[in-house]
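One structure is given below, encoded as structure tokens.
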Amino acid sequence: MNVLNQALLKPHEAAALIGSGAYLTIAGDETVLAGLPRGNWIGGTIPYFMAQEGGRTTREQVFVTKLDTFGLVPTITQYDAKHLPKVCLDAPDNGYSLIILPAFSKIHYEFAKNAPMYDDMYMKPLVGWISGVHLDDLATRSPKTLDGRTGELLEDRAVVLHVPLPDNISVNVNIVNLFKQGSGDAIYFEREGFSASTCIINQKPVSFAKYLKAIGHDTRLPLVADYNGASVNVSFKAVNPLDATVDFYGPVFPKVAYRLAGSFHVNYEAAFAQASADLPEASFSCNCILNYLYGELEGKHTGQVVGPMTFGEVAYQLLNQTMVQMTLEVH
């Protein structure tokens, strides 16, 4: 593996790393993950990656991130939705926690809704991603996580590596979000969830699918909520003309003012290239599957940023259509 300790590997190469006792996070197709040996690793299902050689879609290889432990001993923990709120309490006083959650599950929803209120949230670094599936398999396979100690594939549990660090090392979490709220209507939803049929615009209920069609909205541009100056995206998964529902990659919530993101002055690919060009090497990074698709990143590079292309990103709270990067700084 290279200096980044992040690389797209063949299964036998990943198995050798597992056999060395290294602490790892591994992303790959469900079948390949299930065939890897047990060890000190956590995993999540996804077949899309940004590798050193460029964007790749493959069911045959896995993307491995090797974590530098500096001689300390990380811990691996599974969480169900009931116990997830203690994830930051379980985190080391100096270090970070790396989490993988399965998309569209009860625990994904729990995290999206309540993570900002968890005890010790924002006091201890929490990064990670949402597992997914090949987009051709959305109707037939479910996203999963995997506990490498047991080999269990999990449909509704988060897996977390709590990684302690020496006192002279600190953690930096960087977020790249191309989007900000546009100048259009404020949009409110009456119910929380991963889909919506109606919304409230100008104090009137309207069909959200018909509204998007009427204004000719490009659904590559997400909904954006402004949380105290921080832009948080909710990305579009599908607009269903038959039943007039709109599906999202993250849940929407009542009493939150959303606006459709404004468009770029350049095309999507150029905007993403500009945003990622000067990012440093990272100990962990991930990027959204929609950036991969809309930025047409197959075979292309995102500066020095590599990692799985995911159904959601975690930088403390749940994010969509962003890139997340964690770097370590020695003092």
Which value, in debye to the nearest 20, gives the size of the charge dipole of the chain about its Cα centre, when Lys and Arg are +1 and Asp and Glu are -1 at the Cβ?
600 debye
With the crude spin-label approximation of a point 7 Å out along Cα→Cβ, what separation in nm comes out for ASN240 versus ASN172?
4.4 nm
Multiply the residue separation of THR69 and ALA15 by 0.36 nm, subtract the distance between their alpha-carbon atoms, and state the gained length in nm to one decimal.
17.5 nm
Longer than 30 Å from Cα to Cα, which of LYS10/LYS113; LYS10/LYS82; LYS124/LYS255 are they? Say none if no pair is.
LYS10/LYS113; LYS10/LYS82
Leaving ligands, DNA and RNA out of it, work out the accessible area of LYS237 with a 1.4 Å probe and give it in Å² to the nearest 10.
80 Å²
With springs only between Cα atoms under 10 Å, which of THR302, THR58, THR310 fluctuates most in a Gaussian network model of the chain?
THR58
Taking only protein heavy atoms and a 1.4 Å probe, the highest-to-lowest accessible-area order of ASP226, ASP278 is ASP278, ASP226
Sorted by accessible area (1.4 Å probe), largest first, how do HIS331, HIS134, HIS83 line up?
HIS331, HIS83, HIS134
For a quick check of understanding: with a 1.4 angstrom probe and all protein chains in place, what accessible area in square angstrom does MET117 have, to the nearest ten?
130 Å²
Rounded D (µm²/s) - the stretch 80-189, Kirkwood Rh over Cα pairs, Stokes-Einstein at 4 °C, 1.567 mPa s:
81 µm²/s
For the stretch 63-137, compute Rg over Rh where Rg is the Cα radius of gyration and Rh is the Kirkwood radius from the inverse mean 1/r over Cα pairs.
0.99
Å² of accessible area per residue within the chain, as computed with a 1.4 Å probe and no ligands counted:
42 Å²
First compute the accessible area of the stretch 162-201 with a 1.4 Å probe, then give the percent of it belonging to carbon and sulfur atoms.
43 percent
For the stretch 116-266, with only Lys/Arg (+1) and Asp/Glu (-1) charged at the beta-carbon, what is the dipole magnitude about the Cα centre, in debye rounded to 20?
460 debye
Kindly sort GLU155, GLU269 by accessible area of their heavy atoms, largest first, with the probe set to 1.4 Å.
GLU155, GLU269
Note down the accessible area of SER263, probe 1.4 Å, to the nearest 10 Å².
90 Å²
Can you compute the helix-only [θ] at 222 nm over the chain? Use -39500 (n - 2.57) per DSSP H run of at least 4 residues, normalise by all residues, nearest 500 deg cm²/dmol.
-3500 deg cm²/dmol
Grab the beta carbon distance between LYS113 and ASP218, set R0 = 35 Å, and tell me the FRET efficiency rounded to 0.05.
0.80
For the chain, modelled as a Gaussian network with Cα springs under 10 Å, which listed residue fluctuates most, ILE100, ILE289, ILE201?
ILE201
Given springs between every Cα pair under 10 Å in a Gaussian network model of the chain, which of THR65, THR140, THR77 has the largest fluctuation?
THR140
Tell me, what is the percent relative contact order of the chain, built from C-alpha pairs under 8 Å that lie six or more residues apart?
22 percent
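The values are calculated or read from the model by the stated rules, or taken from the named source; none is laboratory data. Because the structure is predicted, anything quoted here is derived from the model rather than measured. For neighbour counting, all protein chains shown are included, and Cβ atoms are generated from backbone atoms with ideal geometry for every residue, glycine included. Accessible surface is based on the protein model in full, side chains and every heavy atom, while ligands, DNA and RNA are left aside. Shrake-Rupley method; radii C 1.70, N 1.55, O 1.52, S 1.80 Å.
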